[in-house]
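The values are calculated or read from the model by the stated rules, or taken from the named source; none is laboratory data. It should be emphasised that the depicted structure is a prediction, and the values quoted were computed from it without experimental measurement. When we count neighbours, we look across all protein chains shown, and the Cβ atoms used for this are built from the backbone with ideal geometry, even at glycine. Just so you know, the surface numbers come from the protein's heavy atoms only, side chains and all, with ligands and any DNA or RNA stripped out. Shrake-Rupley method; radii C 1.70, N 1.55, O 1.52, S 1.80 Å.
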Amino acid sequence: MTDRSVEDLLAVAERFVAARFPRAAIAIMAGSTSRGERTASSDIDLLLLGDDLFDDGASSEASTHDFDDEVFEVFAYTHRGFEEWAQRGIEQHRPVIVHMLLEGTIIRDDGRSEGLRAHWRPVIEAGPVLTEAESRFRRYVITDVLDDLRDATDVLERRVEASILFERTAELMLLDAGQWIATGKWLPRRLRALDATRAELLSAPLLADDLDIFAARIEEELERAGGRVQGGFVR
């Protein structure tokens with residue numbers, strides 16, 4: 001990563017699109033680069049749309065490129081491909097490319113980007129829908145792993161199970177509150193944004209390696225979301 005201003009990076013991104021994806025109709029720079037929050041290893045996330053992007057009939061491509069001392073993570077779609085993948089992200093409660101569309105900085109536009117944003121913005125603002133069936137399944141998984149954590153004596157097994165529990169429980173907390181989920185660093189960030197106190201109660205014993213207290217916190221969040229699911233559950 002180079003030490004460049006956002007304006008310089010926008011110019012680099014424009015040159016990259018012109019050189020590597022000249023037929024892109026819409027190009028949006030997203031992620032930490034767009035927000036001015038780059039870290040030492042940040043790449044440049046680009047969302048590209050265009051019905052003439054691919055010569056082989058493909059509707060989507062995710063690829064990584066080196067260009068002008070920067071690493072570009074490209075998410076490229078035809079308009080139909082974007083619709084399909086965006087809808088898939090909505091159904092999985094993790095609409096990454098829709099967030100890129102709405103929150104990124106437009107660097108190339110054929111006039112359709114605002115219409116796309118107007119279409120998807122109310123979907124994102126409405127939040128995900130957690131059905132009772134999915135809630136029960138998620139609580140069943142958490143119940144099962146929680147019992148495994150409490151029964152385990154192997155240190156590595158306990159830490160792996162605790163990691164799984166944090167991720168699954170954080171997702172349940174977010175979805176139960178009508179909030180989109182995420183992976184990696186964005187999961188704790190969204191959990192803290194939802195409720196900093198609950199996030200701290202859940203994470204503090206995990207960070208302190210006090211897995212008995214951590215298990216108790218998981219139980220509390222499980223009860224808040226509807227309780228344990230075990231006997232009689234049908235998948």
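Quick notes on this one:
- Single match in His93, His99 (criterion: part of a loop (DSSP other than H, G, I, E, B), under 24 Å from Pro128 (Cβ atoms) and open to solvent by less than 70 Å² (accessible area, probe 1.4 Å)): His93
- Of the residues contained in region 44-65, one or more are found to be at positive phi and open to solvent by 10 Å² or more (accessible area, probe 1.4 Å).
- Qualifying strands (runs of 3 or more DSSP E) (wholly inside region 1-75; at least 3 residues being within 18 Å of Asp110 (Cβ to Cβ)): 26-30, 44-49
Okay, residues lined up against (1) within 30 Å of Arg4 (Cβ to Cβ); (2) without any contact (Cβ under 8 Å) to a residue 12 or more places away in the chain; (3) acidic (Asp, Glu):
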| residue | (1), (2), (3) |
| --- | --- |
| Phe72 | yes, no, no |
| Gly104 | yes, no, no |
| Ser113 | yes, no, no |
| Leu116 | yes, no, no |
| His119 | no, yes, no |
| Arg138 | no, no, no |
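- Within region 11-43, being on the phi < 0 side of the Ramachandran plot, open to solvent by less than 40 Å² (accessible area, probe 1.4 Å) and not aliphatic (A, V, I, L, M) holds for Phe16, Phe21, Ser32, Thr33, Ser34, Ser42.
- Evaluating Glu132 against the criteria (1) in contact with a helix residue (DSSP H, G or I) (Cβ under 7 Å, 6 or more places away or on another chain); (2) without any contact (Cβ under 8 Å) to a residue 40 or more places away in the chain leaves one unmet condition, (1).
- Looking across region 67-84, not a single residue is of a type in the set (Lys, Arg) and touching a helix residue (DSSP H, G or I) at 6+ places or on another chain (Cβ under 7 Å).
- Taking region 122-225 as the region of interest, the helices (runs of 4 or more DSSP H) fully inside it that hold 1 or more residues being open to solvent by less than 20 Å² (accessible area, probe 1.4 Å) and polar (S, T, N, Q) are 132-151, 155-176, 196-207.
- Asp68, sole failed condition from (1) within 22 Å of Gly184 (Cβ to Cβ); (2) touching a Ser or Thr at 6+ places or on another chain (Cβ under 9 Å): (1)
- Test: residue in region 140-156 that is under 22 Å from the mean Cα position of the chain (by Cα) and closer than 26 Å to Met100 by Cβ: no
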